[in-house]
1. Taking the range 236-263, which residues are within 23 Å of residue 25 (Cβ to Cβ) and touching a residue at least 60 places away in the same chain (Cβ under 8 Å)?
2. Of all residues in the range 253-300 being of a type in the set (Phe, Trp, Tyr) and part of a loop (DSSP other than H, G, I, E, B), which is most open to solvent (accessible area, probe 1.4 Å)?
3. What number of residues in the range 216-233 are of a type outside the set (Gly, Ala, Ser) and farther than 15 Å from residue 73 by Cβ?
4. Identify, please: which residue in the range 198-220 is open to solvent by 20 Å² or more (accessible area, probe 1.4 Å) and among the aliphatic types (A, V, I, L, M) and is, among those, nearest to residue 179 (Cα to Cα)?
5. If I go through the range 62-80 residue by residue, how many of them are in a loop (DSSP other than H, G, I, E, B) and open to solvent by 30 Å² or more (accessible area, probe 1.4 Å)?
6. Anything in the range 1-17 that is closer than 25 Å to residue 140 by Cα and without any contact (Cβ under 8 Å) to a residue 60 or more places away in the chain? List them, or say none.
7. For the range 28-41, enumerate the residues that are loosely packed, with under 14 Cβ neighbours inside 10 Å and either part of a loop (DSSP other than H, G, I, E, B) or at pLDDT 90 or above (or both).
8. What about residue 246, is it of a type in the set (A, V, I, L, M) and within 13 Å of the chain's Cα centre (by Cα)?
Amino acid sequence: MRFQLTEDQRALRAGVRELLARRFGPRELRAAVGEPGRPEKGLWRELGAAGFFALRLTEPAGGVGLGLPEAVLAFEEAGRVLLPGPLVATHLAAGEVPGAATGETVVTDVGGCGLVEWLTVADVVRGDAAGAVPLRSVDPLTPLHRIPGTPADRAPEAPGADPVAVLLTAAEQLGSATRACELAAQHARTREQFGRPIGAFQAVKHLCAEMLVRTETARAAVYAAAVTADPADIDTARLLADDAAVRGARDCLQVHGGMGFTWEFEVHLHLKRAWVRTHRTSEATESEERLAAELFAETA
């Protein structure tokens, strides 16, 4: 099957990329890292005005009336620039929590792993966050709290992770993987050692090629899951996107060498955010177990 974006989808992606480039570029990213706080309300409202949170709401309900594929494209762009804040939770709350669709209300929720992002600065918390204790997050732009006890202890009757939340998180991971691949290729072309660009060396070529393969494989899986909305497809997309984001950021760091760990570069921030996202909705082993069970059922 050959999958291509429609003209409207390409325009949507370009519009979101243009908005984020104007409002949250590398300079704003570094400023946010230096002074982490609540999501910038002006940008949050601008995202709301652009329909970012209300993409999947019907037009009579005040939304844009688009579907899951379009939401995936928007969240991919957000992941590409490391846009901070509980974007997925606020998007899912649109139409249910007043002000979420317009960006006036910042919403977070209790994730499947008992982690809560942006707990102290969110306007609304969905789920039981009683007893939450702060954690020292590896990502400076994702403050975390943990709910004591195991997921079964906290809510034995609770359903599993929302598949839409899983897919939108995978879309953010895809955006990070794409950006890491771009940064690695750019550095390999411009950084010189022994009188020539480091991209001329076979080891660096292989790293960049493997990053691209993982990223494009994850892209195909994420886009396909957005079309089918099949739980197994979403689990597959999640695992591939997590792998592409984490391994891609690690390989990008290797291409950059020691410079990649400095605050002047965003490479290490992609790795840290990718680690945090892998725990947002549920553990990866849950997706693996569901896929294994489905494969076993098909072969039995």
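1. 245, 248, 249, 252, 255, 256, 263
2. My answer is 263.
3. 6
4. Restricting to residues being open to solvent by 20 Å² or more (accessible area, probe 1.4 Å) and among the aliphatic types (A, V, I, L, M), the top hit is 212.
5. Summing the residues that are in a loop (DSSP other than H, G, I, E, B) and open to solvent by 30 Å² or more (accessible area, probe 1.4 Å) in the range 62-80 gives 4.
6. none
7. 35, 37, listed by residue number.
8. The answer is yes for residue 246.
The values are calculated or read from the model by the stated rules, or taken from the named source; none is laboratory data. These numbers were taken from a predicted model, which means no experiment stands behind them. Neighbour counts are summed over all protein chains in view; Cβ atoms, including those assigned to glycine, are modelled from backbone coordinates with ideal geometry. Heavy atoms of the whole protein, side chains included, go into the accessibility calculation; ligands, DNA and RNA do not. Shrake-Rupley method; radii C 1.70, N 1.55, O 1.52, S 1.80 Å.
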